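Encoded as structure tokens, the structure appears first; notes follow it.
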Amino acid sequence: MIHIERCPAPRSLKSKAVRARLAKASKFFSIPSDQRLQARYKFFPAVLIEGVREGLAETFNDKCAYCESPVNVDSYYNVESFRPSSRAVDNDGAVAPDHYWWLIYEWTNLLLSCSTCNKLKGSRFPIEGRRAPVRTTDPDLLHKEKPLLFDPCVDWPEEELIFGKSGKVASETKRGRMTISVLGLNRSTLITARRMEFKLLQEDWKEAPNLLNRKSRALRTLLADSTKEAHAFAAMRRQFVNEWCYEIVRQQPELENLLRPALSLRTAFRRKAEESEPELDIIFAPEKKPKRKRKAKPTKSAPSKRITTLLRETVREYENFEAKTESFSVASEQHKESYFAKSRLIERLEIKNFKLIESLHLTFPDSAPQKGSWLLLLGENGTGKSSILQAIALTLMGERHRSRLKLNAGNFARHDSESGYVKVYLTGIPDPVELHFKKGSRLFKAHPKDPKVLLLAYGATRLLPRKGAKSIVPLADRAIGNLQQWLIGTYHGVSKAQLQAYLDEFVFRHNRRKTPAAAFQTLLGLGTGRKSTEYEQIRGASLHYA
């Protein structure tokens, strides 16, 4: 996450239509909360207001404001409300039902976000102070809430977020740690992407020692390119460039002016340097520099090395903090804050020799935050669909609840194997929740033993019609039948490699069947505002599905 200056607000946010929608929301929330317990107000999405999507894409350089990964700006779900539209959740699970509906169309409250960060954050908005009175728009009064999440357009997150070469991010402050936790900034996909970005940066900087002279245009270009705000993971890049340039100046003080743009970047490394080595502040702050420059002589214990060590220690301390935080149990009231601090979604599933399943690896897809994640498993009866659900449930329910079922663990091992396991990987938890079993033993072995999530319900069932109620089974059958007719009648069948692309198109058409004009307007807007789509993209040739 990096500090960003906002572009001017779109005029459309002050339009008569927006004011009318806000007035309608005001009327709904004026009703006493106990009289609208079963009602939810459906806001008109800010993303559909003219100029909002484009303004946010320009402001945040087509990147997620939180994790700095590239965002598909054409996606419907990429506008995030920093303060949620309603039912704001604190870090102890307490809900403020009326906060913050009045900011739904406030430009300073809108961010560009990837679907994963948006989904993990949900309506979480922990604060250290008291919630501002309803309808408060004064920035100073809102600031007094003391939000525990960084606002990239107000704060300087890069000064408190410390990046390691492994791709992990850490912090030693309460706000930094809460931001990492709530947004899942150490989820496995981000760690991998940051590590790859660091290797690319490191590769680019291999030539830097050969460019060290006071008039090196190539070095200036390298500096500018390496620290661009538009780069993915720019905060991480700037931290390492800041560190490398600082080391160069310690060895060759005459290059200080040349490297000044990189040295003046606000990063965690610079903050640590100024805190731990105040006498070296002149390198970072030219206005404090004495008229007569003193040449620094490199020593065996160079300050930059000591600062780097401090940063590494901070990363290790954060890992210990994270491990301690994740040692909670949802069965204990004492661990309420640890549980509500973040969303825990299933990212990946591994099953080995469980009942009839020999080996299975599933990666759960990201999806639009408002809709949640769905993974549809299709297959004939007896192929293991219910076994997958059972494996997940047994693994996540915890030892105490599992023992109440009085199951024989040995019966779950596949007939031609001696042992097996189930591993469930959850967002934000570095190690998987594991369940092991073997023939001849009635007991399961699990790690950790305490449950990490609330397992509200589990089961595989057939939905049968009830008297006086509509069955959804015919509706599902009809949708699948329409899909089959569409594929066979229009395209005369499709290959396995292209199936997902056609499924996406069918779902898009099906979800917008009642508002065809809106779909056309979206298509028209994309056609005029984006580059032409290449033939290979239309065919979906770049998509690969197992």
Out of all the residues in region 299-307, is one or more modelled with pLDDT of 70 or more and either crowded, with 17+ Cβ neighbours inside 10 Å or among the polar types (S, T, N, Q) (or both)? yes
Could you list all residues from region 146-168 that are open to solvent by 20 Å² or more (accessible area, probe 1.4 Å), under 17 Å from Arg270 (Cβ atoms) and hydrophobic (A, V, I, L, M, F, W, C)? Trp156
Would you list the strands (runs of 3 or more DSSP E) that sit entirely within region 383-460 and hold 1 or more residues that are closer than 27 Å to Tyr318 by Cβ and among the hydroxyl-bearing types (Ser, Thr, Tyr)? 419-426
Have a look at Tyr100, Tyr41 and point out the one that is in contact with a helix residue (DSSP H, G or I) (Cβ under 8 Å, 6 or more places away or on another chain), open to solvent by 30 Å² or more (accessible area, probe 1.4 Å), of a type outside the set (S, T, N, Q) and on the phi < 0 side of the Ramachandran plot. Tyr41
If you scan region 38-53, which residues turn out to be basic (Lys, Arg) and either within 21 Å of the chain's Cα centre (by Cα) or at pLDDT 85 or above (or both)? Lys42, Arg53
Would you mind telling me which numbered condition in (1) surrounded by 14 or more Cβ atoms within 10 Å (Cβ to Cβ); (2) in contact (Cβ under 8 Å) with a residue 60 or more places away in the chain; (3) farther than 29 Å from Ala234 by Cβ; (4) of a type in the set (Gly, Ala, Ser) Gly122 fails? (3)
So, Arg312, is that one open to solvent by 50 Å² or more (accessible area, probe 1.4 Å), at pLDDT 80 or above, under 30 Å from Pro430 (Cα atoms) and not in a helix (DSSP H, G or I) or not? no
Qualifying positions in region 86-110 - in a loop (DSSP other than H, G, I, E, B) and either modelled with pLDDT of 90 or more or within 13 Å of Pro126 (Cβ to Cβ) (or both): Asp90, Asn91, Asp92, Gly93, Ala94, His99, Tyr100, Ile104, Tyr105, Glu106
Name the helices (runs of 4 or more DSSP H) wholly within region 111-217 that hold at least 3 residues that are over 19 Å from Ser69 (Cα atoms) and within 23 Å of the chain's Cα centre (by Cα)? 174-183
The condition from (1) touching a residue at least 40 places away in the same chain (Cβ under 8 Å); (2) aliphatic (A, V, I, L, M); (3) open to solvent by 20 Å² or more (accessible area, probe 1.4 Å) that Leu201 misses is numbered (3)
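The values are calculated or read from the model by the stated rules, or taken from the named source; none is laboratory data. Bear in mind that the values here come from a model prediction, so they are computed numbers and not experimental data. For neighbour counting, all protein chains shown are included, and Cβ atoms are generated from backbone atoms with ideal geometry for every residue, glycine included. These area figures cover heavy atoms from the full protein model, side chains too; ligands, DNA and RNA do not enter into them. Shrake-Rupley method; radii C 1.70, N 1.55, O 1.52, S 1.80 Å.
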